[in-house]
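These notes are about the structure you will find just below.
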Amino acid sequence: MKLAYPRLVTKRTAATRRTVIIADRIADWTIRIGGIGVILAVLGIMIFLVDVIVPLFTGGEVVDERSLTRPAHATRSTALTEIMDEYATLSVIIHRDGSVTVTHLDTGTEIQAPEFKFPSGDATAVARTLSGRDLAFGFDDGSLMFGTLDLPVKIYSTETLPDGLSRLAGGDFTDGSSIFSPAAAGQFRRVSVDLQQTDPAQIAEPGVAIVAADYRVGGTTERPTRSFVTVGADGIVRLSRAETRRNLLTGATQTDVTTSTLPTLPAGTHALAVLMNDQADTVLVASSEGVIYRFDTRNFERPVLAETVDLLPDGIHLTAIDYLIGDTALIVGGSNGSMQVYFLLQREEARSTDGYTLALAYELEPHSDAVLAISPSQRGRMFATADARGEVWVRHSTSRQTLLKPGRPTGRPYQTLTLAPRENGVLAVRADGLMHYWQIRVPHPETTLQTIFGKVWYEGYQEPSYTWQSSSGTDRFEPKFSLVPLIFGTFKATLYSLLFAIPIALAAAIYTSEFVHYRVRMVVKPIMEMMASLPSVVLGFIAALVLAPIVETWIAAVLLAFVALPLGFIFAAYLWQLLPGEVQRRMDGTPKLGLMLLVLLAAMYSAYAFGPLFERVFFLGDFKAWVDGRIGTGTPFLFLLLWPISFAVAYLALNRLSSERYRVWLRHRSDFAAALMDAARWLALLLGSAVVSYLAALLLSSAGVDPRGGIVDTYVQRNTLVVGFAMGFAVIPIIYTIAEDALNAVPEHLRAASLACGATRWQTATSVVLPTAVSGVFAACMIGMGRAVGETMIVVMAAGNTPILDWNIFNGLRALSANIAVELPEAVKDGTLYRMLFLAALTLFVMTFVVNTMAEFVRLRFRKRAMSL
């Protein structure tokens with residue numbers, strides 16, 4: 001009889017709870033919005049950086065343009081020179097008869113001004129300092145008169161403004177002899193003209209006209225000096241120095257004037273201009289034929305003609321010449337419209353008495369007609385030029401740019417040309433009284449792709465170079481904004497730190513993942529991860545103030561440690577093989593780790609103890625003198641470099657030729673005998689490779705090969721070696737942690753299969769585990785590289801902050817990130833340096849993006865290969 005039992009069926013609801021669905025959707029949208037937000041944030045940063053950087057490459061613009069007409073009486077005498085005040089409010093034109101015309105640039109209104117009283121008729125020559133304040137006038141009777149033209153500025157409040165002012169267009173006022181312009185916060189700026197002059201002094205022979213002159217003012221307030229050079233119509237060049245001494249108690253002054261006659265110019269020379277530098281130790285006389293006579297006046301009593309240089313081709317005449325600020329760059333204009341820049345440089349091939357020569361640095365864009373006027377800037381390497389067709393250009397010498405061409409050809413030349421003191425305006429005056437003024441804006445004339453990423457020939461340098469130098473202690477300094485030394489410094493610091501960090505981090509990761517007990521790994525890994533929490537500023541502080549002096553004092557011991565540590569561990573490994581198998585198994589784990597620490601300490605102590613002996617044997621007892629090249633040869637360091645290379649080559653070659661036979665032979669020996677033979681084989685390879693390396697080093701040294709001047713050179717305390725140690729200490733925990741996680745993620749069945757086939761744990765780790773985890777290990781190295789590239793404080797404090805292109809491991813560097821941190825606090829907002837630092841940030845961003853993208857492609861290839869295992 002069959003019994004039937006009722007079936008109990010439980011009905012389950014397949015629907016998901018509404019709260020789970022809502023939570024899932026919230027999480028989905030949160031992740032989606034977060035990811036989009038990250039992308040938008042990165043794009044926003046990029047857009048902001050680009051927006052800040054773009055003005056560096058936009059050139060300039062004409063903000064305003066106006067034409068003014070001088071009164072008829074102001075055109076009766078030829079204009080000698082023209083001066084503008086700092087705020088481009090007034091134009092002051094000095095005429096040959098000493099009359100002065102002062103014009104309000106906004107409206108063309110003429111205001112009253114004093115005049116120079118010339119005692120000997122019209123001036124035949126005029127000289128002025130760069131600012132135009134100090135002037136010298138030469139006359140046809142051989143006399144010279146000095147004058148000063150001040151444009152003083154005084155600030156008035158609304159309550160203190162004088163009564164009876166006349167209102168001009170644009171909000172300016174005038175009292176007939178000065179201009180009152182609105183300034184900030186309800187104030188007014190008064191600009192006026194003040195002239196002073198001295199009695200004329202006889203310089204040339206009576207009746208011999210002065211045809212050219214130059215003038216410099218220097219010294220101190222208590223002892224001002226004036227230097228001036230003149231060329232007479234008789235071709236005689238005279239250099240004079242006037243030094244004034246002032247008694248601080250009585251106020252009495254005494255002026256001593258000394259004059260020296262320079263060697264006579266060749267007969268028939270027509271002196272177009274004469275120039276001298278601020279120190280008055282170089283005088284240039286330029287003839288209209290394009291020949292420069294350069295006089296060496298360092299010995300004031302015995303000046304000599306140092307060099308004669310023909311600057312222009314045959315048939316081309318010199319039409320304009322002037323110094324730029326600093327009196328180092330010489331601007332030359334020719335009758336064919338050519339524009340050239342010359343530097344006075346010391347050269348071995350110079351055919352001069354002082355070893356210097358005028359070297360052509362740049363060929364600038366030529367005018368279509370003869371260059372008649374040059375007006376250099378009072379602040380930088382900008383200058384304005386005008387040609388015979390009335391065309392006006394604004395240029396920059398170092399960047400070789402023609403920044404603006406504001407003046408269209410008029411067919412009539414300009415008598416005078418002036419670039420405003422703040423480089424924000426150009427004023428040109430024609431003989432018929434027309435004054436043309438262009439208000440310009442050229443915020444970053446020195447920046448182009450060539451000046452930022454290419455070689456640039458700066459004033460005073462022997463050749464084009466990559467240079468970063470954003471500031472100096474003088475107003476005549478030329479900023480240099482090449483990012484190449486900073487990019488190089490970034491890669492250099494990263495390379496040396498990774499050379500130190502990657503081997504240690506990967507070896508530690510492999511050891512803790514594959515060889516130690518999991519309990520030891522649970523202690524070691526958190527300790528290593530805690531190292532990553534140390535602030536980089538602390539590491540930089542320790543590196544700069546503690547580590548750098550120690551390394552400098554014990555540099556020989558530090559170098560010996562690079563040899564002693566690997567040799568100590570390898571030697572200890574061979575000794576470990578001599579122990580019985582039972583002892584090895586019993587001591588595996590924590591005791592073995594303790595023995596390794598003892599080996600580490602013993603190797604470090606050996607390097608410390610034998611460091612002085614190592615320095616005496618290899619570097620003649622003074623490592624710093626050796627790297628400077630003062631003693632010894634390059635053989636010792638070549639030997640140290642070649643030894644590991646020759647050992648690796650010999651080891652690999654021997655393994656390739658006799659690896660299987662050698663292993664078969666070892667299997668027929670006892671464990672102790674096999675270990676002993678293996679150690680003897682290693683020792684023989686070590687000694688043999690040392691002999692080969694030493695012979696190769698001797699051969700290379702005899703052939704003239706010397707590592708000094710390359711990767712090793714002059715030793716400075718804060719150097720790349722110290723940066724490598726400190727930054728490596730910061731990078732090791734990151735690489736170790738990620739690499740160790742990647743190694744632990746390798747499936748256990750791969751290890752078990754390898755061990756079951758008879759492979760050792762080391763063979764399993766290197767031939768199975770590491771290739772499988774190579775994508776993660778590579779990612780660890782790349783993340784460590786990103787950490788090193790962006791490191792700031794360690795590089796700032798320990799690298800010396802020297803932006804140089806030098807592979808020397810004992811010299812400093814400056815990285816992009818360190819440069820931003822150091823210079824951004826002092827950069828003027830929206831200035832050239834400010835924008836260049838943002839360009840450095842964008843460059844660093846692009847570098848890391850490119851490196852990480854390439855690394856990701858490589859990682860994915862490794863991952864695909866590992867998935868097939």
- Note on the structure: Matching residues in the range 610-659 (closer than 25 Å to F569 by Cβ, open to solvent by 50 Å² or more (accessible area, probe 1.4 Å) and modelled with pLDDT of 85 or more) number 9
- Task: Determine which member of the set F515, F541, F500 is in contact (Cβ under 8 Å) with a residue 60 or more places away in the chain and open to solvent by 80 Å² or more (accessible area, probe 1.4 Å).
- Result: F541
- Note on the structure: Just one listed residue, out of H95, H104, is open to solvent by less than 10 Å² (accessible area, probe 1.4 Å) and farther than 27 Å from D322 by Cα, and it is H104
- In the range 120-137, what residues are over 45 Å from the mean Cα position of the chain (by Cα) and crowded, with 22+ Cβ neighbours inside 10 Å? A123
- Query: Which of the residues spanning the range 211-234 are touching a residue at least 24 places away in the same chain (Cβ under 8 Å), farther than 23 Å from L151 by Cβ and open to solvent by 40 Å² or more (accessible area, probe 1.4 Å)?
  - Reply: V211, E222, A233, D234
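Is it fair to say V523 is free of Cβ contacts under 8 Å to residues at least 60 places away in the same chain and open to solvent by less than 70 Å² (accessible area, probe 1.4 Å)?
On the way: free of Cβ contacts under 8 Å to residues at least 60 places away in the same chain: yes; open to solvent by less than 70 Å² (accessible area, probe 1.4 Å): no.
No: the conditions fail for V523.
Residues that are of a type in the set (V, I, T): list the helices (runs of 4 or more DSSP H) wholly contained in the range 426-542 that include at least 3 such residues.
Working: elements: 449-453, 484-514, 518-531, 536-542.
It comes to 484-514, 518-531, 536-542.
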- Message: Every residue in the range 728-763 that is surrounded by 20 or more Cβ atoms within 10 Å (Cβ to Cβ) and over 42 Å from the mean Cα position of the chain (by Cα), please.
- Response: L743, V746
- Task: Could you grab me the full set of residues in the range 174-210 that are touching a Phe, Trp or Tyr at 6+ places or on another chain (Cβ under 6 Å), closer than 29 Å to A271 by Cα and surrounded by 15 or more Cβ atoms within 10 Å (Cβ to Cβ)?
- Result: Q197
- Can you tell me which residues in the range 771-790 are open to solvent by less than 10 Å² (accessible area, probe 1.4 Å) and within 27 Å of the chain's Cα centre (by Cα)? G784, A788
- Condition check for E459: without any contact (Cβ under 8 Å) to a residue 12 or more places away in the chain, open to solvent by 10 Å² or more (accessible area, probe 1.4 Å) and not small (G, A, S): no
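Can you confirm whether G164 is over 21 Å from V100 (Cα atoms), over 48 Å from the mean Cα position of the chain (by Cα) and not polar (S, T, N, Q)? Break it down into steps so the answer makes sense when it comes.
Working: over 21 Å from V100 (Cα atoms): yes; over 48 Å from the mean Cα position of the chain (by Cα): yes; not polar (S, T, N, Q): yes.
Judged against the criteria, G164 is a match.
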- Per the list (1) of a type outside the set (A, V, I, L, M); (2) surrounded by fewer than 18 Cβ atoms within 10 Å (Cβ to Cβ); (3) more than 28 Å from P479 (Cβ to Cβ), residue check on D387 breaks on (2)
- Here are some conditions: (1) surrounded by 14 or more Cβ atoms within 10 Å (Cβ to Cβ); (2) more than 30 Å from V551 (Cα to Cα). P591 meets all but one. Which one does it not meet? (1)
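Out of L805, L833, I need the residue that is part of a loop (DSSP other than H, G, I, E, B), in contact (Cβ under 8 Å) with a residue 40 or more places away in the chain and open to solvent by 20 Å² or more (accessible area, probe 1.4 Å). Which one? Walk me through how you get there before you give the answer.
On the way: L833 fails: part of a loop (DSSP other than H, G, I, E, B).
Of L805, L833, the one residue that is part of a loop (DSSP other than H, G, I, E, B), in contact (Cβ under 8 Å) with a residue 40 or more places away in the chain and open to solvent by 20 Å² or more (accessible area, probe 1.4 Å) is L805.
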- Identify all residues within the range 701-727 that are surrounded by fewer than 20 Cβ atoms within 10 Å (Cβ to Cβ) and charged (D, E, K, R); write none if there are none. D706, R708, D713
- Query: Name the residues in the range 360-373 that are touching a Lys or Arg at 6+ places or on another chain (Cβ under 7 Å) and over 8 Å from N336 (Cα atoms), would you?
  - Reply: Y362, L364
- Query: Restricting to the range 292-320, what's the tally of residues that are open to solvent by 20 Å² or more (accessible area, probe 1.4 Å), of a type in the set (A, V, I, L, M) and within 30 Å of Q415 (Cβ to Cβ)?
  - Reply: 2
- Message: So for the range 147-165 (the condition being open to solvent by 30 Å² or more (accessible area, probe 1.4 Å) and in contact with a Gly (Cβ under 6 Å, 6 or more places away or on another chain)), does at least one residue qualify?
- Response: yes
- Task: Might you check whether a residue that is touching a Leu at 6+ places or on another chain (Cβ under 9 Å), open to solvent by less than 40 Å² (accessible area, probe 1.4 Å) and of a type outside the set (D, E) occurs anywhere in the range 112-119?
- Result: yes
- Query: Looking at D327, is it at positive phi, open to solvent by 10 Å² or more (accessible area, probe 1.4 Å) and touching an Asp or Glu at 6+ places or on another chain (Cβ under 9 Å)?
  - Reply: yes
- Query: Taking the range 29-65, which residues are within 12 Å of P443 (Cα to Cα) and either modelled with pLDDT under 90 or open to solvent by 80 Å² or more (accessible area, probe 1.4 Å) (or both)?
  - Reply: F57, T58, G59, G60, E61
- Item | Unique residue being at pLDDT 90 or above, of a type outside the set (S, T, N, Q) and open to solvent by less than 20 Å² (accessible area, probe 1.4 Å) when the list is F491, F481 | F481
- Take the range 200-224 and flag every residue that is modelled with pLDDT under 85, assigned to a loop (DSSP other than H, G, I, E, B) and of a type outside the set (S, T, Y). E222, R223
- the range 619-726: helices (runs of 4 or more DSSP H) wholly inside it with 2 or more residues that are free of Cβ contacts under 8 Å to residues at least 24 places away in the same chain, hydroxyl-bearing (S, T, Y) and more than 30 Å from V551 (Cβ to Cβ) are 635-667
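The values are calculated or read from the model by the stated rules, or taken from the named source; none is laboratory data. These numbers come from a predicted model, not from an experiment. All Cβ positions, glycine included, derive from the backbone under ideal geometry; neighbour counts span all protein chains shown. In case anyone asks, the SASA skips ligands and DNA or RNA and just uses the protein heavy atoms, side chains included. Shrake-Rupley method; radii C 1.70, N 1.55, O 1.52, S 1.80 Å.
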